[in-house]
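Colleague: Input: one structure, supplied below.
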Amino acid sequence: MAFFSSKVPQNYDKTQRLDKYIAATNPDMNRSKLKSGVVSIFVNGRAQKISYKVKAGDQIDIQWEENVPDNIEPENIPLNIIYEDDNVCVVDKEQGMVTHPACGNWNGTLVNALLFHWGRQAIKELKEGEASADKILANRRPGIVHRLDKETSGIIITAKNRSTEEYLSSLFRNHKKILKEYICICMGRPQHQHGKIKTQIIRDPRDRKKYRAETNTTEGKYAETHYSCIACYGEYSLMRVRILTGRTHQIRVHMKYLNCPILGDGLYARPDKKFPNATLMLNAHMLKIKLPGAAAYSEFKSKTPERFLKILKVLHREYSKVILPKDR
């Protein structure tokens, strides 16, 4: 089953059917998908029909059954490959690309592109009942040992053979002998120039697409993030972030926990008046890792994305650069 959630803005002043509203506001959904596969529609917690007329403030939750393709096909999608050998392929992933096929994104993913680049055949999709859920998921993501959110850009390393996949998966699972560094532009200023965030990360019970950080609980998974504020511009901050664990949405959740949500984050931040069209300002800037059989570490870096440069140009022009004092 696939899920979709959306909240109608408070300033919405139109009268529109639910299916038309969803199709107009979300590119991943369309009216035919809703009509053919919808299982349930809830608005503000109450069951509704697809013809429901949406109004300001409505919370829409939709469950639908999606047709799973028979194969995961190679696709000729350009990739920014910054390093490759017989064992690994390191990609500077563009914002908007999904890492591997899953509900709602069966093509156009990094896996589809890598299959074509490596000259491999289509992968037969395993269906429910043919294998365990873990095997079905693993079959969809050959070579993927870690992931980046769709709207997060930057460095991702992939494995070209099974032995390398096992080796890299072990490193990322234990977070030993690897260093991952991100840069992000946040709304707000941290209280300290440097800091460590240590919390549990649990699913938000009010919105299944979101997570939240908690300290007084044993639920969820432990997450640790180290941050450094490079500079502040007005009420915006340029941050360097290193993660010691790899939880879903970890940096986004921890920056919100710090009261510095990432600019352009549609899940964890409010719309910004100065940059209303900003997309997620989070980039996997650097990966330091020991490749299979190597004695020394290799370091891979992503160029600062154009969307960052555009925002920083405005911040440099309109605000004085402020370096927070070091903690005593």
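The values are calculated or read from the model by the stated rules, or taken from the named source; none is laboratory data. Nothing here was measured: the structure is a model prediction, and the numbers come from that model. FYI the Cβ positions are ideal-geometry reconstructions off the backbone, even for glycines, and counts take in every protein chain you see. These accessible areas exclude ligands, DNA and RNA; they are computed on the full protein's heavy atoms, side chains included. Shrake-Rupley method; radii C 1.70, N 1.55, O 1.52, S 1.80 Å.
Colleague: Which of rounded, prolate or oblate describes the stretch 226-290 when judged by the alpha-carbon gyration tensor and an a/c cut-off of 1.5? The partial results should precede the final answer.
Modeller: Values: a/c = 1.89, a/b = 1.55, b/c = 1.22.
Prolate, since a/c reaches 1.5 and a/b exceeds b/c.
Colleague: Extension gain ALA23-ASP134, at 0.36 nm per residue separation less the Cα-Cα distance, in nm?
Modeller: Values: separation 111, 0.36 × 111 = 39.96 nm, distance 3.19 nm.
Length gained between ALA23 and ASP134: 36.8 nm.
Colleague: Suppose every K and R has +1 on its Cβ and every D and E has -1 on its Cβ; what is the size of the dipole of the stretch 144-188 about the Cα centre, in Debye to the nearest 20?
Modeller: Values: 8 positive and 5 negative charges, 40 e Å.
That gives the stretch 144-188 a dipole magnitude of about 200 debye.
Colleague: Follow-up. Over the chain, calculate the relative contact order: mean separation of alpha carbon pairs under 8 Å at least 6 apart, over the residue count, as a percent. The partial results should precede the final answer.
Modeller: Working: 645 pairs, mean separation 45.3, N = 328.
RCO, the chain: 14 percent.
Colleague: What percentage of the solvent-accessible surface of the chain, computed with a 1.4 Å probe over protein heavy atoms, is contributed by carbon and sulfur atoms?
Modeller: Numbers: 8310 of 17770 Å².
Solvent-exposed carbon and sulfur of the chain make up 47 percent of the total.
Colleague: Compute the distance from the alpha-carbon center of the stretch 256-328 to that of the stretch 156-172, in whole Å.
Modeller: Each part reduced to its Cα centre gives a spacing of 26 Å.
Colleague: Return the aspartates and glutamates within reach of LYS49: Cα separation strictly under 17 angstrom, same-chain partners fewer than 8 residues apart disregarded; answer none if there are no such residues.
Modeller: Output for LYS49: ASP19, ASP58, ASP61, GLU65.
Colleague: Over 25 Å between C-alpha atoms is what I'm after, so list which of LYS209/LYS321; LYS196/LYS301; LYS177/LYS210 land there. Before the final figure, lay out the partial values.
Modeller: Numbers: LYS209/LYS321 35 Å; LYS196/LYS301 23 Å; LYS177/LYS210 30 Å.
Table pairs above 25 Å Cα-Cα are LYS209/LYS321; LYS177/LYS210.
Colleague: Sticking with this one: Note the listed values [x] 72, 39, 39; [y] 59, 51, 41; [z] 61, 52, 35, then indicate which one is Cα extents along the principal axes in Å calculated from this particular structure.
Modeller: [y]
Colleague: Cross-link list LYS93/LYS180; LYS221/LYS326; LYS176/LYS288; LYS135/LYS160; LYS93/LYS160; LYS150/LYS303: which exceed 20 angstrom alpha carbon to alpha carbon?
Modeller: Result: LYS221/LYS326 exceed 20 Å.
Colleague: What's the extension gain from GLN121 to LYS49 if we count 0.36 nm per residue and subtract their Cα-Cα distance? Each step should come with its number before you reach the end.
Modeller: Values: separation 72, 0.36 × 72 = 25.92 nm, distance 4.21 nm.
Taking 0.36 nm per residue and subtracting the Cα distance, the gain is 21.7 nm.
Colleague: Can you tell me the length gained on complete extension of the stretch THR279 to GLU75, counting 0.36 nm per residue apart and subtracting the Cα distance?
Modeller: On the way: separation 204, 0.36 × 204 = 73.44 nm, distance 2.57 nm.
Stretched fully, the THR279-GLU75 segment lengthens by 70.9 nm.
Colleague: Just the accessible area per residue of the chain, please: how many Å² with a 1.4 Å probe? Kindly include the intermediate steps, with their values, before the conclusion.
Modeller: On the way: 17770 Å² over 328 residues.
Roughly 54 Å² per residue, with all protein chains present.
Colleague: Another question about this same structure. Normalised by the residues of the stretch 206-328, what does the relative contact order come to in percent, with Cα pairs under 8 Å and at least six apart? Each step should come with its number before you reach the end.
Modeller: Numbers: 136 pairs, mean separation 27.0, N = 123.
Computed value for the stretch 206-328: 22 percent relative contact order.
Colleague: Then there's this: Mind checking the stretch 182-260 for GluC sites (Glu not before Pro) that DSSP puts in a loop (not H, G, I, E or B) and that have at most 13 other Cβ atoms within 10 Å? If you can, show how the numbers build up before the last one.
Modeller: Numbers: sites: GLU214, GLU219, GLU224, GLU235; in loops: GLU219, GLU235.
Passing both the DSSP loop test and the Cβ count: GLU219, GLU235.
Colleague: Helix-derived [θ] at 222 nm for the chain: sum -39500 (n - 2.57) over DSSP H runs of at least 4, divide by residue count, nearest 500? Intermediate values should be presented prior to the final figure.
Modeller: Working: 7 runs with 65 residues, N = 328.
Rounded to the nearest 500, the figure is -5500 deg cm²/dmol.
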